[in-house]
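Let me begin by presenting the structure, written as structure tokens, before commenting on it.
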Amino acid sequence: MKTKGAEFIWLDGKFVKWEDAKVPIFTHALHYGTTIFEGIRAYSSMDNKLHVFRLAEHMERLHRSAQVYRINVNYSAKELCDATVELLRKNDIKESCYIRPLNFVGLHGIDLNVTLDSPTYCAIIVFPFARYFSEQGIRVGVSSWRRINDTSIPPMAKAAGNYLNSVLATQESKRHGFEESIMLDQEGNISEAPGENVFLVRDHSIYTPYIGNSALEGITRNTTFEIAANLGYTIVERPISRTELYMGDELFLTGTAAEIVGILSVDGHPVGDGREGQITRRIRQAYSRIVTAEEPRFSSWLTSVW
Ligand SMILES: Cc1ncc(COP(=O)(O)O)c(C=O)c1O
């Protein structure tokens, strides 16, 4: 989706035609990346209903990201959840789609002293969205770009400026013929991918880096903890070295866009037998059932649109 995604965008409490949702060129966020945002998915189910996955958690994270930079959000998390559902209905969206809430500093001038009084825009954009990566799995490379870290740009806040680091890592991985990259933190441990969290399976145990390894508190990461517990696995958070990626039995990424995706090779080293691992598959399939409303036990994570 590069041009028009839906008929209407929600902009500061109003439904505005996609073509008419415009902001001034002097918008602060365009100059300095002072945007905090979210990425959410809604899934159509077998009975032709549409459910947004963990909508409240995403809107709450948006507010936490805003807190870090003291960027004002004029709408509560609950109001943004309601606006999202209304927007999906207004656009008559029945198919699986992506939802992008975006809150950014507007006409503040060129100075950098953003405060809670700086004017902000708040928008929600929706567009149809299918798979991001192949279900079969992906090949990744470790990036020469280190992940941003808490001493300079806090990775825990989902802010637009962070993604310049992700762009560099992604460009490099594509140049090298990989589908995705994995970044190291400043100490050289595994951090995360440009838009996903990383998990490693060794000897039937599952590991993932600490959030302190410069990772985002992924909502799919959290979902994976719950799924794993349900399947009888415990996930251990600990630093993971690059070498362990080459020794892992299974590796996978988690993220709203990527969902759960197996890693088939790292820097050309096959992971396990070079195919999606068994634990990865079980978690991926459970995730897919949960988001499409086939697991009543997890139905509290779904917000029904229709
Ligand atoms: C840098 C980064 N890490 C991890 C994730 C995964 O987070 P989530 O599962 O909440 O989509 C994302 C996606 O939002 C991301 O951009």
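Residues in the stretch 28-45 carry Karplus couplings, in order, of 3, 4, 5, 8, 10, x, 7, 10, 10, 8, 9, x, 10, 10, 10, 10, 7, 9 Hz; the curve used is 6.51 cos²θ - 1.76 cosθ + 1.60 with θ = phi - 60°, and Gly or Pro positions show x. Highest-first packing order for the peptide set 131-141, 52-62, 188-198 is 188-198, 52-62, 131-141, based on the mean count of other beta carbon atoms within 10 Å.
With the simple spin-label model, which puts each label point 7 Å out from Cα in the Cβ direction, the ARG89 to ALA130 separation comes to 2.9 nm.
Fully extending the segment from THR243 to HIS204 would add 12.2 nm, taking 0.36 nm per residue of separation and subtracting the current Cα-Cα distance. Evaluated with a Cβ-only charge set (Lys, Arg +1; Asp, Glu -1), the chain carries a dipole of roughly 420 debye about its Cα centre, given to the nearest 20. For the chain, the per residue solvent-accessible surface stands at 46 Å², with DNA, RNA and ligands left out and a 1.4 Å probe.
Each residue, THR151 and ILE25, gets one label point 7 Å from its Cα in the Cβ direction; the gap between the two is 4.0 nm. The modelled label-to-label distance between SER288 and ASP117, using points 7 Å beyond Cα along the C-beta direction, is 5.4 nm. Scattering from the chain was approximated by placing one identical point on each alpha carbon and applying the Debye formula without solvent; log10 I(q)/I(0) at 0.09, 0.14, 0.15 1/Å stands at -0.45, -1.11, -1.25. Spatial offset of the stretch 208-286 relative to the stretch 20-51 amounts to 27 Å, using the alpha carbon center of each. Here the Karplus relation 6.51 cos²θ - 1.76 cosθ + 1.60, evaluated at θ = phi - 60°, turns the backbone of the stretch 198-212 into coupling constants of 10, 10, 10, 10, 9, 6, 6, 10, 10, 10, 8, x, 5, 4, x Hz, with x for every Gly and Pro. Residue separation of LYS78 and SER300 scaled by 0.36 nm, minus their Cα-Cα distance, works out to 78.4 nm of gained length. Shown in residue order for the stretch 246-253 are the 3J(HN,Hα) couplings computed by the Karplus curve 6.51 cos²θ - 1.76 cosθ + 1.60 at θ = phi - 60°: 6, 9, x, 7, 8, 9, 8, 10 Hz (x for Gly and Pro).
Between the residues SER44, GLN278, LEU216, the greatest Cα displacement towards the positive end of the dipole of the chain, with unit charges on the Cβ of Lys, Arg, Asp and Glu, is found for SER44.
Amide H to amide H distances under 5 Å link PHE129 with CYS97, TYR98, where only residues 5 or more positions off or on other chains count and H is placed in the peptide plane. Amide H contacts of ALA193: MET183, VAL198, each under 5 Å away and 5 or more positions distant or on a separate chain (H built 1.01 Å from N in the peptide plane; Pro and chain starts excluded). Candidates ILE227, GLY248, VAL201 compared by Cα position along the dipole of the stretch 138-291: farthest toward the positive end lies ILE227, with charges placed on Cβ. When each of the peptides 212-218, 8-14 is scored by how many other beta carbons lie within 10 Å of its residues on average, the order from highest to lowest is 212-218, 8-14. The helix-based estimate of mean residue ellipticity at 222 nm for the chain, built from -39,500 (n - 2.57) per DSSP H run of four or more residues and divided by its residue count, is -8000 deg cm²/dmol to the nearest 500. Computed in the context of the full set of protein chains, the accessible area of the chain at 1.4 Å probe radius has 51% of its extent on carbon or sulfur. Of the residues ILE93, PHE53, CYS81, the one whose Cα sits farthest toward the positive end of the charge dipole of the stretch 40-120, with +1 on the Cβ of Lys and Arg and -1 on the Cβ of Asp and Glu, is PHE53. Counting alpha carbon pairs within less than 8 Å and at least 6 residues apart, what relative contact order, in whole percent, applies to the chain? Worked out over the chain, it gives 20 percent. Amide H contacts under 5 Å for VAL271: SER265, VAL266, restricted to partners 5 or more places along the chain or on a different chain, H placed in the peptide plane at 1.01 Å from N.
The values are calculated or read from the model by the stated rules, or taken from the named source; none is laboratory data. Keep in mind the model is a prediction, meaning the values are calculated, not measured. Quick reminder, even Gly has a Cβ in these numbers, built from the backbone with ideal geometry, and neighbours come from all protein chains shown. For accessibility, only protein heavy atoms count, side chains too; no ligands or nucleic acids. Shrake-Rupley method; radii C 1.70, N 1.55, O 1.52, S 1.80 Å.
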